[in-house]
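In what follows, a single structure is set out as C-alpha cells and then discussed.
The values are calculated or read from the model by the stated rules, or taken from the named source; none is laboratory data. These numbers come from a predicted model, not from an experiment. Here Cβ is always computed from backbone atoms with ideal geometry, including for glycine, and neighbour counts include all displayed protein chains. The area values use the complete protein model at the heavy-atom level, side chains included, leaving out ligands, DNA and RNA. Shrake-Rupley method; radii C 1.70, N 1.55, O 1.52, S 1.80 Å.
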Amino acid sequence: MSARLLDGQALAGRIQEEIRPKVAEFIAHHGRPPGLAIVLVGQNPASEIYVRNKLKLGRDVGFRADLERLPEMASIDEVLALVERLNGSDAHDGILVQSPLPKALGAEAGSRVFDAIAPEKDVDGLTPVNVRRLVQGRPALVACTPSGIIELLVRESVPIAGRRACVIGRSDIVGKPMALLLLQRDATVTICHSKTPNLSAVSREADILVAAVGRAGLVTKAFVKPGATVIDVGMNTVTDAGLAAQLFPEGHPRLARFRERGSMLVGDVHPEVSEVAGALTPVPGGVGPLTVTLLMMNTLRAARARVGVAGGLRAAGR
C-alpha cells in the first residue's frame, strides 16, 4: 500500500483564506487590524527565517505584524521590559517570543520570559495560565503545532474518538499539548520518550502516531501499525551523506538533490513508512505550514477575545 499524503501546505492556504474576511470584518468594526508582535533576541539564522515567514504571513492576511528586535547581548531585564511594554500595548493582541533565546540570558530565561507574557496575548500557548486551561479543557490559546495537527486530522476526516494514539516526544510546545488535545477528543493516548522501553512495539499499537523528537528517520516501518495515520513533526537538516543514503535509495530524486546541495530537510519518520501507513504528512509541506497558520488563527482569536467578540477563544481541543 502507499500512504495517502496529508497536504498541510494546501490546508494552510485554505485556512488563510478563511481568516482574511474575518480580519476585514474585525477592521471594519474596530477601526484597526489585529496586531501581532514578534520578539527576536540576537541573530540566530534559523530564527531569522522563521520570523520573516511569520511576519510576511501576518501582513498577508491583514494583520499589523511588528518585529521587536533586541541585540544578542541584551539582558534578561531588557527582554522582560519589552514584553511588559507589549503587554500594555493596545495595538498588539498577540505576543510571540522567538526561541531559542541566547544562552547568555541564562538557563531559566525561557521560562521567565514566557511567564511574563499576558495570558490573553500568549499566542504560543506557553504561559502557565494557558497550559492550565488546556489541561482543564477550558477556553485557551493552545500551542500552534498541536492545534494545527488537530485541524489537519479533523479536516481530513481522520477518526480520533475511540482510537489509540501515540505521541513520541514530551516537549512543552508539541508533545504534551498534543497528547492533551487528542485526549480531549476521546483518543486513548500514550506518550513515549527516550526512556520508553520497546518503543517500536508501543508505537505500533497506535492508530494515530505523532513523531516529534527531532531525530531524522527514527520512525521506521517497525514503529507503524499497517494503515495508521502518521504525523511527522520533525524538521531535521541532514548534511551527512551516510545518513542521506540510509533514508533514500540510490536513484531517488531527493538523494540526487542532496548530493547537489550538500543538505536536505527531513522529518522524524523514515520514508519507508509510506509503504505501511494509511496516511502520512510530508516533510516539508506537512505540519510546518500549519504551525505558522495556526499562529495567525490564535492571533485573530486573541484579538476577538480582547474586544469581547463572541467566538474568540474556544475550549481547548474543540
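Quick check on this structure: which one of G251, G217, G278, G267 is more than 20 Å from the chain's Cα centre (by Cα), at pLDDT 95 or above and over 28 Å from R133 (Cα atoms)? One residue alone meets the criteria, G278.
For the range 67-98, the set of residues classified as open to solvent by 60 Å² or more (accessible area, probe 1.4 Å), farther than 21 Å from L141 by Cβ and assigned to a loop (DSSP other than H, G, I, E, B) consists of P71, E72, M73, listed by residue number. Examine the range 15-28 for a residue that is in a loop (DSSP other than H, G, I, E, B), of a type outside the set (K, R) and surrounded by fewer than 13 Cβ atoms within 10 Å (Cβ to Cβ), and state whether such a residue exists. Within the range 15-28, not a single residue is in a loop (DSSP other than H, G, I, E, B), of a type outside the set (K, R) and surrounded by fewer than 13 Cβ atoms within 10 Å (Cβ to Cβ).
Residues considered: A65, A116. Of these, the only one that is modelled with pLDDT of 95 or more, in contact with a strand residue (DSSP E or B) (Cβ under 6 Å, 6 or more places away or on another chain) and either hydrophobic (A, V, I, L, M, F, W, C) or farther than 18 Å from L295 by Cβ (or both) is A65.
For the range 120-130, the set of residues classified as closer than 16 Å to L36 by Cβ, part of a helix (DSSP H, G or I) and open to solvent by less than 60 Å² (accessible area, probe 1.4 Å) consists of K121 only. Report yes if L40 is more than 17 Å from L295 (Cβ to Cβ), hydrophobic (A, V, I, L, M, F, W, C) and in contact with a Ser or Thr (Cβ under 7 Å, 6 or more places away or on another chain), otherwise no. It is false that L40 is more than 17 Å from L295 (Cβ to Cβ), hydrophobic (A, V, I, L, M, F, W, C) and in contact with a Ser or Thr (Cβ under 7 Å, 6 or more places away or on another chain).
Within the range 220-235, the residues that satisfy the criterion of being surrounded by 18 or more Cβ atoms within 10 Å (Cβ to Cβ) and either within 18 Å of the chain's Cα centre (by Cα) or in contact (Cβ under 8 Å) with a residue 60 or more places away in the chain (or both) are T229, V230, I231, D232, V233, G234, M235.
Do the conditions hold for D115, that is, is it in contact with a Gly (Cβ under 8 Å, 6 or more places away or on another chain) and acidic (D, E)? It is false that D115 is in contact with a Gly (Cβ under 8 Å, 6 or more places away or on another chain) and acidic (D, E).
Taking first residues from the range 63-74 that are within 14 Å of A91 (Cβ to Cβ) and partners that are open to solvent by 30 Å² or more (accessible area, probe 1.4 Å) and at pLDDT 95 or above, the Cβ contacts under 7 Å between residues at least 6 apart in sequence or on separate chains come to F63/P33; R64/P33; A65/R59. Applying a threshold of 6 Å to beta carbon distances and a minimum spacing of six or more residues, or different chains, the list of pairs starting in the range 132-144 at a residue that is on the phi > 0 side of the Ramachandran plot and ending at one that is open to solvent by 10 Å² or more (accessible area, probe 1.4 Å) reads G137/Q184; G137/A315.
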